[in-house]
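Participant: Quick one: this structure, given as C-alpha coordinates, is what I'll be asking you about.
The values are calculated or read from the model by the stated rules, or taken from the named source; none is laboratory data. These figures come from a predicted structure and were not determined experimentally. Cβ placement follows ideal geometry from the backbone for every residue including glycine, while neighbour counts extend to all protein chains displayed.
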Amino acid sequence: MNYIFSQHSLDRLVERQISMELAKEVIENADEVVENEDGLTVFQALKVFPNGKNYLVRVYVNEEVDPSLVVTVFRTSNIKKYSK
(Lines give C-alpha, C1' and ligand atoms only; values in the text may rest on other atoms or scores of the structure.)
Protein backbone atom coordinates (compact mmCIF):
# COMPACT_ATOMS: atom_id res chain seq x y z
CA MET A 1 0.00 0.00 0.00
CA ASN A 2 1.18 3.49 -0.84
CA TYR A 3 0.59 5.86 2.11
CA ILE A 4 1.73 9.10 3.71
CA PHE A 5 1.53 10.39 7.29
CA SER A 6 -0.60 13.43 8.12
CA GLN A 7 0.91 16.12 10.34
CA HIS A 8 -1.54 15.09 13.07
CA SER A 9 -0.30 11.48 12.96
CA LEU A 10 3.33 12.65 13.06
CA ASP A 11 2.55 14.75 16.13
CA ARG A 12 0.83 11.78 17.81
CA LEU A 13 3.84 9.54 17.10
CA VAL A 14 6.07 11.94 19.01
CA GLU A 15 3.56 12.58 21.79
CA ARG A 16 2.87 8.87 22.31
CA GLN A 17 6.48 7.75 21.89
CA ILE A 18 5.77 5.46 18.94
CA SER A 19 8.37 5.27 16.19
CA MET A 20 7.41 5.78 12.56
CA GLU A 21 9.11 2.45 11.82
CA LEU A 22 6.77 0.71 14.27
CA ALA A 23 3.71 2.38 12.74
CA LYS A 24 4.83 1.27 9.27
CA GLU A 25 5.42 -2.27 10.56
CA VAL A 26 1.89 -2.39 11.98
CA ILE A 27 0.43 -1.28 8.64
CA GLU A 28 2.47 -3.80 6.67
CA ASN A 29 2.16 -6.73 9.11
CA ALA A 30 -1.04 -6.14 11.06
CA ASP A 31 -2.39 -8.84 13.35
CA GLU A 32 -5.88 -7.56 12.57
CA VAL A 33 -7.45 -5.07 10.15
CA VAL A 34 -10.87 -3.60 10.92
CA GLU A 35 -12.97 -0.72 9.63
CA ASN A 36 -14.18 1.82 12.17
CA GLU A 37 -17.45 3.76 12.22
CA ASP A 38 -15.84 6.68 10.37
CA GLY A 39 -14.88 4.48 7.41
CA LEU A 40 -11.19 4.45 8.31
CA THR A 41 -9.18 1.25 8.13
CA VAL A 42 -7.56 0.40 11.45
CA PHE A 43 -4.40 -1.69 11.32
CA GLN A 44 -3.50 -3.11 14.70
CA ALA A 45 -0.85 -5.35 16.19
CA LEU A 46 0.26 -6.41 19.65
CA LYS A 47 3.77 -5.15 20.37
CA VAL A 48 6.16 -5.31 23.31
CA PHE A 49 7.55 -1.90 24.23
CA PRO A 50 10.94 -1.17 25.84
CA ASN A 51 9.29 -1.04 29.27
CA GLY A 52 8.44 -4.74 28.82
CA LYS A 53 4.68 -4.13 28.57
CA ASN A 54 2.42 -5.36 25.78
CA TYR A 55 0.48 -2.70 23.94
CA LEU A 56 -1.95 -2.86 21.06
CA VAL A 57 -0.73 -0.34 18.47
CA ARG A 58 -3.55 1.01 16.30
CA VAL A 59 -2.91 2.91 13.07
CA TYR A 60 -5.91 4.65 11.47
CA VAL A 61 -5.68 5.02 7.70
CA ASN A 62 -7.97 6.73 5.19
CA GLU A 63 -7.77 4.45 2.16
CA GLU A 64 -10.30 6.52 0.19
CA VAL A 65 -7.55 8.92 -0.95
CA ASP A 66 -4.45 8.27 -3.04
CA PRO A 67 -1.97 7.90 -1.56
CA SER A 68 -3.65 6.51 1.56
CA LEU A 69 -3.39 8.87 4.52
CA VAL A 70 -2.35 7.81 8.03
CA VAL A 71 -4.72 9.86 10.16
CA THR A 72 -3.62 8.96 13.70
CA VAL A 73 -1.73 6.40 15.73
CA PHE A 74 -2.05 5.28 19.32
CA ARG A 75 -1.21 2.48 21.68
CA THR A 76 -3.34 0.98 24.41
CA SER A 77 -2.92 -1.55 27.17
CA ASN A 78 -6.69 -2.19 27.05
CA ILE A 79 -6.15 -4.95 24.50
CA LYS A 80 -9.45 -6.80 25.08
CA LYS A 81 -11.46 -3.69 24.22
CA TYR A 82 -10.12 -3.49 20.66
CA SER A 83 -8.97 -6.99 19.78
CA LYS A 84 -11.28 -9.71 18.55
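Participant: Which one is surrounded by the fewest Cβ atoms within 10 Å (Cβ to Cβ) among residues in the stretch 38-67 that are under 13 Å from the mean Cα position of the chain (by Cα) and of a type in the set (S, T, N, Q)?
Facilitator: For the stretch 38-67, the residue satisfying everything is 62.
Participant: Could you list, in sequence order, all residues of the stretch 1-39 that are in a strand (DSSP E or B) and either polar (S, T, N, Q) or closer than 16 Å to residue 82 by Cβ (or both)?
Facilitator: 32, 33, 34, 35
Participant: Which of the following residues is modelled with pLDDT of 95 or more and out of contact with any Pro (no Cβ under 6 Å at 6 or more places or on another chain): 9, 83? Before you say what the answer is, go through the steps one by one.
Facilitator: Working: 83 fails: modelled with pLDDT of 95 or more.
Result of the check over 9, 83: 9.
Participant: Further, regarding this structure: Looking for whichever is within 13 Å of the chain's Cα centre (by Cα) and modelled with pLDDT of 95 or more here; the options are 14, 26. Which one fits?
Facilitator: Unique residue meeting the criteria: 26.
Participant: Still on this structure: Would it be correct to say that residue 16 is in contact with a Ser or Thr (Cβ under 8 Å, 6 or more places away or on another chain) and touching a residue at least 12 places away in the same chain (Cβ under 8 Å)?
Facilitator: So residue 16 fails the test.
Participant: Return the residues of the stretch 47-84 that are in a strand (DSSP E or B), closer than 17 Å to residue 2 by Cα and not β-branched (Val, Ile, Thr); say none if nothing qualifies.
Facilitator: Correct list: 60, 62, 68, 69.
Participant: Let me ask something else about it. Residues of the stretch 11-32 being among the aliphatic types (A, V, I, L, M) and either out of contact with any helix residue (DSSP H, G or I) (no Cβ under 9 Å at 6 or more places or on another chain) or exposed (fewer than 13 other Cβ atoms within 10 Å of the Cβ) (or both), which ones?
Facilitator: 14, 26, 27, 30
Participant: Restricting the first residue to the stretch 1-12 and requiring it to be closer than 10 Å to residue 70 by Cα, which pairs with a second residue that is of a type in the set (Asp, Glu) and in a loop (DSSP other than H, G, I, E, B) meet a Cβ separation below 9 Å and a spacing of at least six or different chains?
Facilitator: Qualifying pairs under 9 Å: 3/63.
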